[in-house]
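The structure appears below as structure tokens.
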Amino acid sequence: MTAAQHNRNQAASLAFLAGYVDTLGFIALFGLFTAHVTGNFILIGAALADSSQMSILLKFLAFPAFVIGVAGARLFIVAIQKRNGAALPWTMSLQLVLLVGFMACGIIASPVQSPTSGWGIGAGLLGTVAMGVHSAISRLLLSHLAPTSLMTGNVTQVVIDTVDVLRGGADGATTERCMKFLWPVLSFGAGAIAAAFGYHAFGFVALLLPIAILAVMVAGESARARDGVVAS
């Protein structure tokens, strides 16, 4: 597999995972966005203005949980790199553990009938911390890829590049960049659709799919680290 193919598969897999986890959390936990801080701010604002809406405790807690995920991942990565370790597979493993915790708490809480359910809140916070780690991985270790959980910028870039291609003002680099940002957008959308059907069919057990994807990625990145292959 070439480096370009590996990068494309990596970006598509992580974007699918992000779309899947974010959508499942939204459906299962009363509109919680585990990977979308902007969305939670909007929901908090709407809830504060309308006292008839459900409790916003989980959405308030989601922001510091996301921050903890990013900050914890940063410190974790720094500690591994100081020891000349392979930061990517280890940090992906951290996210994997958190996603397993998200699923376990969700299964215990099921059926989640209240946004203030203790196990439900635990599930939401673990999912949010996991996606904070995900965002840190994207920014710190996979910055050569398009973002895999923030699709607004990706869609903007795809549209700009597509317009340039259609007006005849594009070069080879424009087309390559367009494809770089297009794959995560398509994969994120596919993950969101899959999560909706998966949750309605299997509940929180449906999280086994992104967990399996991440486990395969951890194994693959560990093998690449043993072989001395670095991200490019």
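Read-outs: derived from the displayed coordinates by stated rules, not from any lab. What you are looking at is a predicted structure, and each value in this text was computed from that prediction instead of being measured. Reconstructed Cβ throughout: ideal geometry from the backbone, glycine too, with neighbour counts over all protein chains shown.
Compute the angle between helix 118-140 and the longest alpha-carbon principal axis of the chain, please, reported from 0 to 90 degrees and rounded to the nearest 10. Between the helix axis and the principal axis of the chain, the angle is about 20 degrees.
Taking the C-alpha atoms only, the angle from helix 208-226 to the longest principal axis of the chain is near 40 degrees. Extension gain V229-M179, at 0.36 nm per residue separation less the Cα-Cα distance, in nm? So the chain would gain 15.6 nm between V229 and M179. Restricting segment 45-100 to trypsin sites (Lys or Arg not before Pro) that sit in a DSSP loop and have at most 16 other Cβ atoms within 10 Å of their own Cβ leaves R83. Shown for S143, S93: other C-beta atoms within 10 Å of each C-beta, ranked fewest to most, produce the order S143, S93.
Sorted from fewest to most neighbouring beta carbons within 10 Å, what does the list R8, R224 look like? Mind dumping the intermediate values first?
On the way: R8 19, R224 16.
Least crowded to most crowded, the residues run R224, R8.
The alpha-carbon atoms of segment 103-227, seen along their principal axes, cover 55, 38, 23 angstrom, with the largest extent given first. Mean-square fluctuations from a GNM of the chain, with a 10 angstrom spring cutoff on Cα atoms, peak among A18, A130, A173 at A173. Build a GNM of the chain with springs between Cα atoms under 10 Å apart, and of L57, L209, L14 the one that fluctuates most is L57. The C-alpha atoms of the chain occupy a region whose extents along the principal axes are 54, 48, 32 Å, arranged from largest to smallest.
In the chain, a dipole from Cβ-located charges (positive for Lys and Arg, negative for Asp and Glu) runs towards its positive end, and of P210, S93, S187 it is S93 whose Cα lies farthest in that direction.
Per-residue ellipticity at 222 nm computed for the chain from its helices equals -26500 deg cm²/dmol, with DSSP H segments shorter than 4 residues left out and the rest contributing -39,500 (n - 2.57). Taking Cα atoms only, the orientation of helix 3-28 departs from the longest principal axis of the chain by about 10 degrees. Each Lys and Arg contributes +1 and each Asp and Glu -1, all at the Cβ; summed about the Cα centre of the chain, the dipole is approximately 480 debye.
Extension gain for the segment F76 to A212, taken as residue separation times 0.36 nm less the Cα-Cα distance, is 46.7 nm to one decimal. Note on L48 and L61: their simple-model spin labels are 2.0 nm apart, each label 7 Å out from Cα toward Cβ. Each of E221, E176 was scored by other Cβ atoms within 10 Å of its Cβ. Listed from fewest to most, they are E176, E221. In the elastic network of the chain, a GNM with C-alpha springs shorter than 10 Å, the most mobile of L208, L58, L125 is L208. Each of A196 and Q5 was given a label point 7 Å from its Cα along the Cα-to-Cβ line. The distance between the two points is 3.3 nm.
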